[in-house]
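Throughout, read-outs are computed from the coordinates displayed, never taken from laboratory work. Because the structure is a prediction, the values reported are computed rather than measured. Please note: Cβ atoms are built from the backbone with ideal geometry, for glycine as well, and neighbour counts cover all protein chains shown.
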Amino acid sequence: MDLVQWIRGQRMHSNIPWRASEPGAYHGEVLRYDPSLPFDLPSSWAAFDPGSNGVGVDPDGYNGAIFDGRYIIFGPSNNGSGPHAEVLRYDTTLPFNSAGSWMTFDPADQGVGTNPRGFAGTVDDGRYIYFVPDRNSWGPHDEVLRYDTRP
Ligand SMILES: [Ca+2]
């Protein structure tokens, strides 16, 4: 067992079970700051919870997001029921706190891959967005999920 695996093992035995047993540990309330306004002013900030406003199935628990020039795409992690693949997308040309500006898609539930659920961040190469595998329902995994922004 090398050092990386050992560190992963420690996370599995401490961090993950603690989070899973903690009510409210996973949420979907997106916080937005307008950097043209003062940092320490409440009106510079806004929060919106798409799932509580009828968007998607259970869009909670994301890890990282990426901006493609129009959309912000959130990488699914764990929604409280377990690792998930419900990708959340915000259209930045539309109002932040309006359900119609948000959409979700769950590629795993639509037959993509084997069990591509539970990611830790996203990266893009100018066309594709990659979701970094973390933990699915079977444990640590390495199934990279890729979204083509120009189908
Ligand atoms: Ca949830």
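Check S98 against each of (1) closer than 14 Å to E29 by Cα; (2) under 17 Å from the mean Cα position of the chain (by Cα) and name the one condition it does not meet.
Here S98 clears every test but (2).
Which numbered condition trips up N115, out of (1) touching a helix residue (DSSP H, G or I) at 6+ places or on another chain (Cβ under 9 Å); (2) in a loop (DSSP other than H, G, I, E, B)?
Failing condition for N115: (1).
With the requirement that a residue be of a type in the set (G, A, S) and away from the ligand (no atom under 12 Å from the Cβ), what does region 26-44 give you? Walk me through how you get there before you give the answer.
Just the residues of region 26-44 that are of a type in the set (G, A, S), to begin with: 28, 36, 43-44.
The answer is S36, S43, S44.
Just give me the residues in region 28-44 being free of Cβ contacts under 8 Å to residues at least 24 places away in the same chain and in a loop (DSSP other than H, G, I, E, B), in sequence order. Break it down stepwise before answering.
Initial filter on region 28-44 (free of Cβ contacts under 8 Å to residues at least 24 places away in the same chain): 29, 31, 33-44.
Once the filter is applied, which keeps residues that are free of Cβ contacts under 8 Å to residues at least 24 places away in the same chain and in a loop (DSSP other than H, G, I, E, B), region 28-44 yields E29, D34, P35, S36, L37, P38, F39, D40, L41.
In region 93-119, which residues are over 16 Å from D134 (Cβ atoms) and either touching a strand residue (DSSP E or B) at 6+ places or on another chain (Cβ under 6 Å) or in contact (Cβ under 8 Å) with a residue 60 or more places away in the chain (or both)?
Hits for region 93-119 are F96, N97, S101, W102, M103, T104, F105.
Pairs needed: first member in region 70-89, closer than 11 Å to R117 by Cα; second member anywhere, aromatic (F, W, Y) and buried (at least 21 other Cβ atoms within 10 Å of the Cβ); C-beta distance under 7 Å; at least 6 residues apart or different chains.
G75/Y62; G75/F119; G75/F131; P76/Y62; P76/F119; S77/Y62; S77/F119; V87/F74
In region 26-36, which residues are surrounded by fewer than 11 Cβ atoms within 10 Å (Cβ to Cβ) and hydrophobic (A, V, I, L, M, F, W, C)? Even if it seems obvious, please write down each step before you answer.
First, the residues of region 26-36 that are surrounded by fewer than 11 Cβ atoms within 10 Å (Cβ to Cβ): 31, 33, 35-36.
Residue satisfying the conditions is L31 alone.
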